[in-house]
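Step one of this worksheet: look at the structure below.
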Ligand SMILES: [Zn+2]
Ligand SMILES: [Zn+2]
């Protein structure tokens, strides 16, 4: 059985979205990282441009990139409404868990997919 989020926390202070999983694991994703990993078709197509924009310094006058809100989609995913107006990305739990940037998960992924 794949783990599901027990708790999803948006921490404004350090710009991270934290997930507490049903198996006890904790993941912390920076907003910028998550936005860059948006799984929707539009972002997939314009990935190079996205990277450029997201990699640069925040543009003056723009709101900082952050989720305005996050909503559960059924029992399998979470939809994030970003402050840049984008909201078509549906992040499935499995996808999110696969993105977990912690040392343990990174190491596990390297074992599964040797470069
Ligand atoms: Zn997108
Ligand atoms: Zn992890």
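Since every read-out is calculated from the coordinates, none of them should be taken as a lab result. Remember, predicted model here, so these are calculated numbers, not experimental data. Cβ coordinates were reconstructed from backbone atoms using ideal geometry, including for glycine residues, and neighbour counts include every protein chain displayed.
A few comments on the model shown:
- Scanning the range 85-98 for residues that are touching a helix residue (DSSP H, G or I) at 6+ places or on another chain (Cβ under 9 Å) and under 16 Å from residue 23 (Cβ atoms) yields 96, 97, 98.
- Here is the figure for the range 7-34: residues that are assigned to a strand (DSSP E or B) and within 16 Å of ligand 1 (Cβ to nearest atom) total 2.
- When the range 93-103 is filtered for residues that are in a helix (DSSP H, G or I) and surrounded by 10 or more Cβ atoms within 10 Å (Cβ to Cβ), the ones remaining, listed by number, are 93, 94, 95, 96, 97, 98, 99.
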